[in-house]
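Each remark here refers to the structure printed beneath this line.
The values are calculated or read from the model by the stated rules, or taken from the named source; none is laboratory data. Please read all numbers here as calculations on a predicted model, not as lab measurements. Heads up, the Cβs are rebuilt from the backbone with ideal geometry, glycines too, and the neighbour counts pull from every protein chain shown. Ligands, DNA and RNA are stripped out before the accessible areas are found, and what is left, the full protein with its side chains, is counted by its heavy atoms. Shrake-Rupley method; radii C 1.70, N 1.55, O 1.52, S 1.80 Å.
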Amino acid sequence: SNISGPLQVYLPPTEDDMLFTPVELTDGVIEYGELWDVDADEDGLVVGGCDQNDDVGLIFSIGTEWASSGYSLDGWTRFDVRTLLGEGFTWVRGVCRGDGLIVAVGEASSISGFVMTSEDGGVSFTDRTSEILAVTGASRIPKMQRCQVFDGGSFVAAGGSSMFISYTSGE
């Protein structure tokens with residue numbers, strides 16, 4: 001979706017003459033929003049972006065039932081990044097999923113990045129930023145843009161200032 005309208009994903013057509021079926025991921029409150037990344041695997045879909053009205057990072061996820069219930073907002077789980085990061089501007093720039101894990105990366109208040117993970121299909125997330133800072137010794141993570149999940153629940157994330165993070169749970 002783009003900044004001139006509501007948050008939308010495009011799913012396979014529901015009618016023969018359609019290329020895609022647009023699905024609004026808004027309840028009418030978000031007038032302007034952008035979804036910047038999408039990922040899918042056998043367990044479902046995840047999209048990430050921003051409510052541009054309030055500069056709030058959002059993550060939407062849906063499990064294997066996406067083909068039947070993904071055409072309605074009610075079928076999607078919505079996660080507001082402020083839940084973990086507090087008030088301030090946030091943007092979800094990248095999302096990825098695999099092996100039962102969802103990862104979201106982005107930026108907070110235009111100066112630092114974040115990395116968060118979910119092991120329950122996107123219902124809740126854990127902020128991994130402080131763990132990463134403790135290992136790297138850095139004072140902040142730069143704005144993060146992309147991620148990729150691998151078998152076993154490990155992932156990589158990349159962002160500004162040539163930051164590349166390789167994360168394995170428990171290490």
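Return the residues of the stretch 102-120 that are within 16 Å of D80 (Cβ to Cβ) and small (G, A, S); say none if nothing qualifies.
A104, G106, A108, S109, S118
What tally of residues in the stretch 3-14 results from selecting those that are surrounded by fewer than 17 Cβ atoms within 10 Å (Cβ to Cβ) and not in a strand (DSSP E or B)?
Residues meeting the conditions: 6.
Which residues, counting only those in the stretch 93-113, are over 19 Å from V38 (Cβ atoms) and surrounded by 20 or more Cβ atoms within 10 Å (Cβ to Cβ)?
We begin by selecting, within the stretch 93-113, every residue over 19 Å from V38 (Cβ atoms); these are 108-113.
Once the filter is applied, which keeps residues that are over 19 Å from V38 (Cβ atoms) and surrounded by 20 or more Cβ atoms within 10 Å (Cβ to Cβ), the stretch 93-113 yields A108, G113.
Just need a number here: residues in the stretch 4-55 that are under 25 Å from V105 (Cβ atoms), touching a Pro at 6+ places or on another chain (Cβ under 7 Å) and either free of Cβ contacts under 8 Å to residues at least 24 places away in the same chain or of a type in the set (F, W, Y) (or both).
Within the stretch 4-55, residues that are under 25 Å from V105 (Cβ atoms), touching a Pro at 6+ places or on another chain (Cβ under 7 Å) and either free of Cβ contacts under 8 Å to residues at least 24 places away in the same chain or of a type in the set (F, W, Y) (or both) number 1.
Of the residues in the stretch 66-79, how many are more than 14 Å from G122 (Cα to Cα) and of a type in the set (D, E, K, R)?
So the answer is 1.
Just checking, how many residues over the stretch 120-162 are touching a helix residue (DSSP H, G or I) at 6+ places or on another chain (Cβ under 9 Å), over 18 Å from R97 (Cα atoms) and open to solvent by 30 Å² or more (accessible area, probe 1.4 Å)?
3
Return the pairs, sorted by first residue and then second, in which the second residue is surrounded by fewer than 19 Cβ atoms within 10 Å (Cβ to Cβ) and acidic (D, E), the first residue lies in the stretch 143-171 and is within 14 Å of V95 (Cα to Cα) and in contact (Cβ under 8 Å) with a residue 40 or more places away in the chain, the beta carbons are less than 8 Å apart, and the residues are 6+ apart or on different chains.
Here the result reads V149/D99; F150/D99, each pair linking the stretch 143-171 to a residue that is surrounded by fewer than 19 Cβ atoms within 10 Å (Cβ to Cβ) and acidic (D, E).
So, in the stretch 49-71, how many residues would count as being assigned to a strand (DSSP E or B) and either surrounded by fewer than 15 Cβ atoms within 10 Å (Cβ to Cβ) or β-branched (V, I, T) (or both)? Reasoning before the result, please.
From the stretch 49-71, those assigned to a strand (DSSP E or B) are 49-51, 56-62; that's our starting set.
Then keep just the ones that are either surrounded by fewer than 15 Cβ atoms within 10 Å (Cβ to Cβ) or β-branched (V, I, T) (or both); that gives 56, 59, 62.
Total satisfying the criteria: 3.
Across the stretch 118-166, what is the number of residues that are small (G, A, S) and in a strand (DSSP E or B)?
So the first thing to find is which residues in the stretch 118-166 are small (G, A, S), and the list is 118, 121-122, 124, 130, 134, 137-139, 152-154, 157-162, 166.
Checking the rest, the ones that are also in a strand (DSSP E or B) come to 118, 157-159, 166.
Number of matching residues: 5.
Any idea which of V29, V46, V38 is part of a strand (DSSP E or B), open to solvent by 70 Å² or more (accessible area, probe 1.4 Å) and on the phi < 0 side of the Ramachandran plot?
On the way: V29 fails: part of a strand (DSSP E or B); V46 fails: open to solvent by 70 Å² or more (accessible area, probe 1.4 Å).
Criteria check complete, one pass: V38.
Would you call T90 among the polar types (S, T, N, Q), in contact (Cβ under 8 Å) with a residue 12 or more places away in the chain and either exposed (fewer than 15 other Cβ atoms within 10 Å of the Cβ) or in contact with a helix residue (DSSP H, G or I) (Cβ under 6 Å, 6 or more places away or on another chain) (or both)? Let's see the steps before the verdict.
On the way: among the polar types (S, T, N, Q): yes; in contact (Cβ under 8 Å) with a residue 12 or more places away in the chain: yes; either exposed (fewer than 15 other Cβ atoms within 10 Å of the Cβ) or in contact with a helix residue (DSSP H, G or I) (Cβ under 6 Å, 6 or more places away or on another chain) (or both): no.
So T90 fails the test.
Got a number for residues in the stretch 15-26 being surrounded by 10 or more Cβ atoms within 10 Å (Cβ to Cβ) and at pLDDT 80 or above? Let's see the steps before the verdict.
Of the residues in the stretch 15-26, the ones surrounded by 10 or more Cβ atoms within 10 Å (Cβ to Cβ) are 18, 20-26.
From the residues that got through so far, the ones that are at pLDDT 80 or above too are 20-26.
Looking only at that region, the number is 7.
Among (1) closer than 10 Å to G57 by Cβ; (2) surrounded by 18 or more Cβ atoms within 10 Å (Cβ to Cβ), there is one condition T117 misses while meeting the rest; what is its number?
Every condition holds for T117 apart from (1).
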